[in-house]
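Structure, as C-alpha cells:
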Amino acid sequence: MPIATEKQFQITVEGVRMMGYIDRVDRLHGGLGIVDYKSNKDLFTADHLANDLQLTLYQIAAEQIWQQPVEKLTLYHLRSNTPCSVACRDPKHLTRAKNLVVEVAEKISAGIFPATENAYCPCDFAAHCPYYRHLYKPAEVTPTQCRLPGFEAAAAVEEYVSLQQQIKELEAKMDAIRQQIIDYCEASGVKRLFGSSYAITCNSSDRITFGEERVQQILEAAGLWGQTLSFDQARLKQLIADGVIEPTLKQQLEDLRQVTKSYMLRVKNIEPKDEAE
C-alpha cells in the first residue's frame, strides 16, 4: 500500500541540506519500501542494486521523514515491468553515503566541481560549465578562441559542419546506388556484379518478425505473455520452437509471421596484383 508518491523531501545530512523526490514509498509489514521507477534498457545487476547511491539517499530521507525503518529498496524496470529489489542498507553503508554528501558539499563550497557531461546537459548552471559557457560569452570575447598557431576556431567549426553535411549527402547517394544494385541482382537472379577494379557480392537473408499488438493479445489470452517479460522477437520464436504451447495457439502465432529480406553487400578488389609485389 503506497503511503506517498512523487514525495518531495528536504532533509539535513550532517549539516548539509538536501532536497529531492522519491517516486513511491510503500508501507510493508516490517517497515517502509522505497520504489524508484527507471526506463533503463537493461535490467539492473545485483552489484548495481547493492551500490546505487540514489536508493541509499532515499532510505536516509524516508527514515528521517517517517521515523520508521526502511525494509526494502526497489528499482522498478519499466521496459520489462520487473521490480529489482534489495534489502535495506546497513548502518556502515548509510554512514559512507552521509560522508560522501559532506565531502561533495565541501568541494562545492570550495569551487571544486569538475564538469561531467551526460544526456541531461545542459543544467541550470550552463553559464559556468566549460562545455556550455561559450554560449553566454559577450560577442567581443569570441576572438580569444583563436589562440593556437594555425588554428582558427570559428573557421574550423564551419568546415567541420560543412564536411558533416557532405557526408550525409554522400551517404544518401550511396544508399540509392546500393538499392539499385540490390534491385538489379534480384531482377536478374545474380549474386555478384563486376566493375573494372572491384566486384560486389549481394547476399540476402530472411528476417522474421511478429506483429507485437496481436501477439500480446493471443499470449495474454493463453496466460503466456508473462513468459516473454516484454516483447522480444527471439524469445517468442524460442517459445514456439520449444513446443510448450498447444498446436492451435502455435498456428495462430505462425500466421502472424512477417518475412522481410535484409541485404549485405560485400566489396572485393579484383585488380590483378603487380607480379613484382
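What the table shows:
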| quantity | calculated |
| --- | --- |
| Under 14 Å, Cβ to Cβ, from C202 - net charge with Lys/Arg +1 and Asp/Glu -1 | +4 |
| Segment 112-119 - phi-based ³J(HN,Hα) in whole Hz, Karplus 6.51/-1.76/1.60, Gly and Pro as x | 9, 8, x, 6, 10, 7, 8, 5 |
| Label-point separation, N118 to H134 (7 Å along Cα→Cβ), nm | 2.4 |
| Summed residue charge, Cβ within 11 Å of T74's Cβ, Lys/Arg positive, Asp/Glu negative | -2 |
| Cα gyration tensor, segment 147-189 - rounded (a/c under 1.5), prolate or oblate | prolate |
| Rounded to the nearest 20 debye, dipole of segment 147-189 from Cβ charges on Lys, Arg, Asp, Glu | 120 |
| Long-range amide H partners of A4 with built H, under 5 Å | V25 |
| Gain upon complete extension [A46, T5; 0.36 nm per residue less C-alpha separation] | 12.2 nm |
| Segment 2-106: C-alpha gyration tensor shape, a/c 1.5 cut-off, then a/b vs b/c | prolate |
| Segment 2-106, relative contact order in percent, only Cα pairs under 8 angstrom and at least six apart counted | 26 |
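Read the figures in this text as sums done on the coordinates, not as results from a lab. Since we're looking at a predicted model, the values are computed, not measured. Reconstructed Cβ throughout: ideal geometry from the backbone, glycine too, with neighbour counts over all protein chains shown.
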